[in-house]
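The structure appears right after this line, and notes come after that.
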Amino acid sequence: MRKLALLTFLTLDGVMQAPSDPGEDPSDGFAAGGWARPWWDEVMAQVAVEAMAEPYDLLLGRKTYESFARSFEGADLGDPVARKLNDATKHVVTSRSSELRWIHSRRVEGEVGTAVSQLKAQDGPLLQVHGSWQLAQALIAHDLVDELRLWVFPVVVGGGKRLFEGGQPARQLSLLRSARTPGGAVMAIYERAAG
């Protein structure tokens, strides 16, 4: 049995939509894309050490998969982040029948809760979800997240897609580790509380 970790960047008001680029996800009229850029380099350096050093497979929603594929497929493999993402097995949750061209990509078939439960039951490295708002909502609703890897940025954007939308069941978590970057972004890594 392997664990599933959800890695996401958040504003202080809980928004996870479009942290890296203004055009990343303008859905629902979201105009604050790229809100994480002032802290990007220092946070990514911390992410590389704290969340990308150990072996993992990726579990991604279609939109995040397509964004990552555009950015990292064929990227300079001297870049350790690009190399890690290219080498990882990518399990993609999508209802589209289009071909998954990025190396080591596999389509997740069937109902999300059942399919991801089956993935978790297999032998293998950690399953790590990056972003993937719609998928994250389904994983939280099905109680499939073992660890939350959160980077909270010192910015408030008002509206947007939030990690915890209404109606989520109550849960207790235990803090595994935390740290801050020089610019004031805060890493907080939580696991499901025992019991």
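Amide H contacts of Val155 (H built 1.01 Å from N, in plane; Pro and chain starts excluded): Leu12 sit under 5 Å, all sequence-distant by 5 or more or on other chains.
For the chain, the orientation-averaged shadow of the C-alpha convex hull comes to 11.1 nm² (one quarter of the hull surface).
Per-residue ellipticity at 222 nm computed for the chain from its helices equals -7500 deg cm²/dmol, with DSSP H segments shorter than 4 residues left out and the rest contributing -39,500 (n - 2.57).
Here the chain is assigned +1 on the Cβ of each Lys and Arg and -1 on the Cβ of each Asp and Glu. Its dipole about the Cα centre then comes out at about 220 debye. Karplus-derived 3J(HN,Hα) values for the range 94-108, using 6.51 cos²θ - 1.76 cosθ + 1.60 with θ = phi - 60°, are 8, 9, 7, 8, 5, 5, 9, 8, 5, 3, 6, 9, 9, 7, 8 Hz; glycine and proline are entered as x.
No value in this document is a laboratory result; all are computed from the given coordinates. Please read these numbers as outputs of a predicted model, since none were measured by experiment. Heads up, the Cβs are rebuilt from the backbone with ideal geometry, glycines too, and the neighbour counts pull from every protein chain shown.
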